[in-house]
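Presented below is the structure to which this report refers.
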Amino acid sequence: MSHPAQDHSANLESFPENARRALNDSQLRGALRHATGVIDERRGQAVERVACWQELRERAKTLKAATLERLDHWLELFERNAIARGTQVHWARDAAEANAIVARLAADAGARTLVKSKSMTTEEIGLNQHLEELGHRVVETDLGEYIIQLAGETPSHIIVPAIHKTRAEIGELFHRTLGVKDSKDPKELTAIARERLREEFARADMGISGANFAIAETGSFLVLENEGNARLCTSLPRVHVALIGIEKVIPRLADLEVFLRLLPRSGTGQHLTSYQTLFSGPRAAGREGPEELHVILLDNGRSAMLSDSLSRQALACIRCGACLNVCPVYGQIGGHAYASVYPGPIGSVITPMLQGVEQAHHLPFASSLCGACRDVCPVGIDLPALLLKLRSKVRQGSAGSGDREQRRAFRLWSLAMSGPRRYGLLLRALRLARPLLERPGARSRLARWVPPLAAWTAAREFRPPAGRSFRELWRDQEAKDS
């Protein structure tokens with residue numbers, strides 16, 4: 001029941017084709033527009049009720065920056081305190097090591113059925129596919145993840161995996177895969193999933209989760225959720241394995257106060273998530289919980305991002321998904337077009353950094369640079385600046401004819417804009433061409449003369465230059481005032 005096998009490094013090349021296909025899917029765009037609009041509206045309402053919202057953002061940004069500067073120290077402290085509480089800590093340099101550790105733990109436990117709570121990190125390393133190839137049965141228990149697992153798809157959103165599907169599509173999917181009656185009622189569909197998953201929780205040998213935050217001071221980690229499935233995944237099975245990216249660590253338990261006010265409001269517009277579970281070792285005598293608790297601290301390219309102060313910002317992401325909900329590009333094409341676990345603005349930054357700009361060279365350009373993502377980010381990540389930096393890297397390493405033409409065009413533009421006289425000459429030349437541009441069919445002729453403009457003008461009107469420049473109008477006004 002896992003997602004289909006995906007070679008993300010190969011699929012990343014297909015972004016332009018994926019985007020064009022998504023733009024022609026009116027049903028997909030309608031579902032995205034409705035869902036992201038509702039979530040963003042709720043976020044706005046929740047934020048308005050917090051008078052110190054900007055102060056909280058600044059505190060979170062400062063906390064994350066200070067932690068990432070001394071990440072090795074806080075990780076070692078987390079490890080010491082977690083071991084002291086009975087947690088077994090493992091380190092994984094990459095996806096292969098992390099998958100191997102989970103597979104070994106499952107074999108040691110004799111686990112055949114494994115239940116998983118929602119975890120983007122396990123998606124990142126392709127854990128489900130790896131375990132199923134070894135003969136294990138893996139079941140997603142988050143409702144959205146369960147839906148896309150039945151559909152054989154990957155998540156389309158960081159917070160809402162099945163955001164791209166309508167009620168009718170989900171009802172038809174349940175009817176086809178589970179043999180139940182076709183329904184569009186969300187309550188009925190949720191009840192069907194709850195009934196089926198209850199059996200999985202009862203028979204599971206191992207539970208797998210991610211974590212929202214790992215606390216160095218106590219060796220604990222926190223899982224936030226709204227359905228209760230994560231608690232069942234982590235308390236009923238005998239063994240609990242948590243896969244945690246190394247960037248998730250924060251210094252102190254008191255630091256959670258800041259992030260717990262930011263994350264729910266930014267992610268779903270809630271005051272608080274329904275369930276907040278803090279794990280501090282395996283179960284003690286007379287208490288519920290797993291007999292064994294394992295934490296896997298995953299690097300998988302994160303350490304390389306620490307070396308640069310600008311790139312390091314991306315590691316501050318708390319996976320709220322707010323940037324996806326306001327992104328005009330994501331809102332038109334959805335998450336699957338990115339062919340990456342992390343879509344939207346943050347995915348366009350993280351994926352090239354983790355997998356290399358050579359593999360993900362299209363993604364930094366999947367943005368209008370409008371800045372809406374930066375404005376809503378609860379930890380103040382400057383996503384437009386990161387996207388521009390990655391675009392520069394792509395251009396520096398490009399050798400294709402299209403890239404050469406683009407660089408040549410930018411050089412000409414830079415030459416024209418680098419001095420007032422050159423700028424004035426350019427404006428005068430454009431005004432001389434104005435009569436030609438205003439004639440019928442001017443757009444098609446312009447596209448023939450300058451072929452790259454053909455695609456640009458296909459969906460845009462070319463506005464002819466004004467009769468007089470701003471500088472000329474300014475000089476005239478100064479003359480009148482004097």
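The values are calculated or read from the model by the stated rules, or taken from the named source; none is laboratory data. Quick caveat, the model's predicted, so the values are computed rather than measured. All Cβ positions, glycine included, derive from the backbone under ideal geometry; neighbour counts span all protein chains shown.
Residue by residue, here is whether (1) more than 18 Å from Leu293 (Cβ to Cβ); (2) over 19 Å from the mean Cα position of the chain (by Cα); (3) surrounded by 22 or more Cβ atoms within 10 Å (Cβ to Cβ) holds:
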site: Ala95; (1), (2), (3): yes, no, no
site: Ala106; (1), (2), (3): no, yes, yes
site: Arg112; (1), (2), (3): yes, yes, no
site: Val115; (1), (2), (3): no, yes, yes
site: Lys118; (1), (2), (3): yes, no, yes
site: Ile125; (1), (2), (3): yes, no, yes
site: Glu133; (1), (2), (3): yes, yes, no
site: Gly144; (1), (2), (3): yes, no, no
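Restricting to segment 167-214, and then to whatever is of a type in the set (A, V, I, L, M) and touching a strand residue (DSSP E or B) at 6+ places or on another chain (Cβ under 6 Å), can you tell me which residue is surrounded by the most Cβ atoms within 10 Å (Cβ to Cβ)? Reasoning before the result, please.
Taking segment 167-214 and keeping what is of a type in the set (A, V, I, L, M), we get 168, 170, 173, 178, 180, 189, 191-193, 197, 202, 204, 206, 208, 211, 214.
Retained after the next criterion (residues that are touching a strand residue (DSSP E or B) at 6+ places or on another chain (Cβ under 6 Å)): 204, 206, 208, 211, 214.
Working: Ala204: 25, Met206: 28, Ile208: 31, Ala211: 22, Ala214: 26.
Going through the qualifying residues, I end up with Ile208.
It is to be established whether one or more residues within segment 405-420 are modelled with pLDDT under 65 and surrounded by 12 or more Cβ atoms within 10 Å (Cβ to Cβ). No, because not a single residue in segment 405-420 is modelled with pLDDT under 65 and surrounded by 12 or more Cβ atoms within 10 Å (Cβ to Cβ).
Just one of the listed residues (Asn99, Asn81) is on the phi < 0 side of the Ramachandran plot, at pLDDT 95 or above and surrounded by fewer than 20 Cβ atoms within 10 Å (Cβ to Cβ), namely Asn81.
When we screen Glu217, Glu172, Glu227, Glu200 for residues that are without any contact (Cβ under 8 Å) to a residue 12 or more places away in the chain and either in contact with a helix residue (DSSP H, G or I) (Cβ under 6 Å, 6 or more places away or on another chain) or on the phi < 0 side of the Ramachandran plot (or both), the only hit is Glu172. The residue that is surrounded by the most Cβ atoms within 10 Å (Cβ to Cβ), counting only those in segment 298-334 that are closer than 30 Å to Ile101 by Cα and polar (S, T, N, Q), is Gln313. Identify the residue in segment 150-183 that is in contact with a Gly (Cβ under 9 Å, 6 or more places away or on another chain) and hydroxyl-bearing (Ser, Thr, Tyr) and, among all such residues, is farthest from Gln270 (Cα to Cα). Only one residue tops the list, namely Ser183. Can you work out which of the residues in segment 335-356 that are modelled with pLDDT under 95 and on the phi > 0 side of the Ramachandran plot is surrounded by the most Cβ atoms within 10 Å (Cβ to Cβ)? Among those that are modelled with pLDDT under 95 and on the phi > 0 side of the Ramachandran plot, it is Ala339.
Considering only segment 383-399, I want to know if a residue exists there that is under 30 Å from Val258 (Cβ atoms), modelled with pLDDT of 95 or more and either touching a strand residue (DSSP E or B) at 6+ places or on another chain (Cβ under 7 Å) or not in a helix (DSSP H, G or I) (or both). Scanning segment 383-399 turns up no residue that is under 30 Å from Val258 (Cβ atoms), modelled with pLDDT of 95 or more and either touching a strand residue (DSSP E or B) at 6+ places or on another chain (Cβ under 7 Å) or not in a helix (DSSP H, G or I) (or both). In segment 245-289, the qualifying residues are those that are of a type in the set (S, T, N, Q) and under 22 Å from Ala35 (Cβ atoms), and the one that is surrounded by the most Cβ atoms within 10 Å (Cβ to Cβ) is Ser266.
May I ask you to say which residue of Leu71, Leu63, Leu114, Leu75 is over 22 Å from Ser220 (Cα atoms), touching a helix residue (DSSP H, G or I) at 6+ places or on another chain (Cβ under 9 Å) and touching a residue at least 24 places away in the same chain (Cβ under 8 Å)? Explain how you work it out, then say what you get.
Details: Leu71 fails: over 22 Å from Ser220 (Cα atoms); Leu63 fails: over 22 Å from Ser220 (Cα atoms); Leu75 fails: over 22 Å from Ser220 (Cα atoms).
When all the criteria are applied, what remains is Leu114.
Does Ala447 satisfy being loosely packed, with under 10 Cβ neighbours inside 10 Å and at pLDDT below 65? Working first, answer last.
Values: loosely packed, with under 10 Cβ neighbours inside 10 Å: no; at pLDDT below 65: yes.
For Ala447, the condition - loosely packed, with under 10 Cβ neighbours inside 10 Å and at pLDDT below 65 - is not met.
Does Leu178 satisfy the condition of being touching a residue at least 24 places away in the same chain (Cβ under 8 Å), assigned by TED's automatic domain parsing to the domain that holds Glu132 and of a type in the set (A, V, I, L, M)? Yes.
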